[in-house]
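**Student:** What follows is a single structure, and I will ask about it in a moment.
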Amino acid sequence: MTKSGLFSKKAIVEEFLARTHYQLSSFSFVNLFLWKDFFDFEFKVIDDALCIFASNALGSFLYLPPLGEVVSKKAIDTCFEMMFKKNKGRGVSRIENIEEQHLSLFSTDEYVIYKKGEEFVYRRKDIVLLRGNKYKSKRSSYNQFARSKDYVFLPYSLKMRAACLEVYSKWAQERAKAHQDDIYQQMIGENYKVHDLCLRHHQPLGLIGRVVFIKERLAAYSFGFPLKDNVFCVLLEIADLKIKGLPTYIFKEFCSDPQVQPFEFVNVMDDFGLEIIRATKLSFKPCEIHSAYVV
């Protein structure tokens, strides 16, 4: 399915999401679209539930659990039957991104269940204010950058795309040198495409983007979107690693932005199973951590 073809599914995805109880950032058209270069998506309505299949050379799986107000055993069984038939020994027939509240749908006599990862959620005002002893180091980091001169915090525009990708490439080179973990290296490579899709299609996706310029040079960018009525999701954030305090500055300013102010919570997604990312996200003191499972 082409990117324009996938956009034609936005309305039906959002219609079924509106009927679904969820917490994870994967329950969004944005998240689906940004992995378009890695999977072919197929959409089926089965027993009043929207089922989104993702396929590549390794096989087919259900990208999300069936979406709808009520998910029946018939819908789940039908999805697995379709995957078994299509996979024919390739890959693992599975449902990704299942929340803890939905695990009761899957009997351990029939299914194998394992934890995929966790997402981190903060109270937006906690990040805006950075009050108290627990945020002492974050305040110091923020203030260290804020005392510098000749910087501006601005809305993103498409003409900034090339400069953002340059920042990403430099960031990726620095991270790749410092961390030789194979998963991390793969993540860095794949995410270049994800970031480029975000930068090119931010408007039709309904993304909010912000950048920081220092002496007329773009040094950081961040994008997010409304995940739920009271939850804003920070989809991505990249900053020049050589500039102290810049990551804390853009995160705090993004949470303070007028377009983000209406939201009570901020979801910053998962840690890719990497301790270095987990430690950073825990350092901002999440108020909630949501687990994701695979069945």
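The values are calculated or read from the model by the stated rules, or taken from the named source; none is laboratory data. This one's a predicted model, so the numbers in the text were calculated from it and none came from an experiment. Every residue, glycine among them, receives a Cβ derived from its backbone with ideal geometry; neighbour counts consider all protein chains shown. Ligands, DNA and RNA are excluded from the accessible area calculation, which covers all protein heavy atoms including side chains. Shrake-Rupley method; radii C 1.70, N 1.55, O 1.52, S 1.80 Å.
**Student:** Size of the dipole of region 1-75 about the Cα centre, Lys and Arg at +1 and Asp and Glu at -1 on the beta carbon, nothing else charged, in debye to 20? Before the final figure, lay out the partial values.
**Tutor:** Working: 8 positive and 8 negative charges, 9 e Å.
Computed about the Cα centre, the dipole is about 40 debye.
**Student:** Quick one: which residues, 5 or more positions from Phe232 or on another chain, have an amide H under 5 Å from its amide H? H modelled 1.01 Å from N in the peptide plane, none for Pro or chain starts.
**Tutor:** Answer set, sorted by chain and number: Leu227, Phe265, Val266, Asn267.
**Student:** Now for a different question. With a 1.4 Å probe and every protein chain kept in, tell me what percent of the accessible surface of the chain is carbon plus sulfur.
**Tutor:** Values: 7540 of 14730 Å².
After summing per-atom areas, the C and S share lands at 51 percent.
**Student:** At 7 Å along Cα-to-Cβ for each site, give me the label-to-label distance between Arg278 and Arg19 in nm.
**Tutor:** The modelled label-to-label distance comes out at 3.7 nm.
**Student:** Over the chain, what is the percentage of antiparallel beta bridges among all DSSP beta bridges, to the nearest 5?
**Tutor:** Numbers: 45 of 49 bridges.
Roughly 90 percent of the beta bridges in the chain run antiparallel, per DSSP.
**Student:** Please give the helix 161-178 orientation as an angle from the longest Cα principal axis of the chain, in degrees from 0 to 90, rounded to the nearest 10.
**Tutor:** 90
**Student:** Can you give the angle from 0 to 90° between the axis of helix 246-256 and the longest principal axis of the chain, with both taken from C-alpha atoms, to the nearest 10?
**Tutor:** The angle comes out near 70 degrees.
**Student:** Rounded to the nearest whole Å², what accessible area per residue is found for the chain with the 1.4 Å probe?
**Tutor:** In whole numbers, the chain has 50 Å² accessible per residue.
**Student:** What order, most packed first, do the peptides 154-166, 282-294 have when packing is the mean number of other Cβ atoms within 10 Å of each residue? Kindly include the intermediate steps, with their values, before the conclusion.
**Tutor:** Numbers: 154-166: 14.3, 282-294: 15.9.
For the peptides 154-166, 282-294, the packing ranking is 282-294, 154-166.
**Student:** Projecting each Cα onto the charge dipole of region 142-257 (Lys/Arg +1, Asp/Glu -1 at the beta carbon, about the Cα centre), which of Val152, Leu246, Tyr142 comes out farthest on the positive side?
**Tutor:** Val152
**Student:** Now for a separate question. Under a point spin-label approximation (7 Å from Cα along Cα-to-Cβ), what is the Ala162-Lys74 distance to one decimal in nm?
**Tutor:** Calculated label separation equals 5.7 nm.
**Student:** Next question, about the same structure. Would you please give the FRET efficiency between Arg139 and Val112, computed as 1/(1 + (r/R0)^6) with r the Cβ-Cβ distance and R0 = 35 Å, to the nearest 0.05?
**Tutor:** On the way: r = 45 Å, r/R0 = 1.29.
Here the calculated transfer efficiency is 0.15.
**Student:** So which lysines can Lys215 reach, going by Cα to Cα under 22 Å and dropping same-chain residues fewer than 8 places off?
**Tutor:** The qualifying lysines are Lys149, Lys159, Lys170, Lys242, Lys244, Lys252.
**Student:** For the chain, set up a GNM with springs between Cα atoms under 10 Å and report which of Arg147, Arg278, Arg200 has the largest fluctuation.
**Tutor:** Arg147
**Student:** For region 200-215 and region 99-171, what is the separation of their Cα centres, given in Å?
**Tutor:** Distance between centres, Cα-based: 15 Å.
**Student:** Same structure, new question: Convert each backbone phi in region 13-19 into a coupling constant with the Karplus relation 6.51 cos²θ - 1.76 cosθ + 1.60 (shift: θ = phi - 60°), then list the ³J(HN,Hα) values in order as whole Hz, x for Gly and Pro.
**Tutor:** Result, ordered by residue: 4, 5, 4, 6, 4, 5, 9 Hz.
**Student:** Return the subset of Lys134/Lys281; Lys177/Lys281; Lys9/Lys74 for which the Cα-Cα distance in this structure is over 19 Å, preserving the input order. The partial results should precede the final answer.
**Tutor:** Details: Lys134/Lys281 14 Å; Lys177/Lys281 21 Å; Lys9/Lys74 24 Å.
Checking Cα-Cα distances, Lys177/Lys281; Lys9/Lys74 exceed 19 Å.
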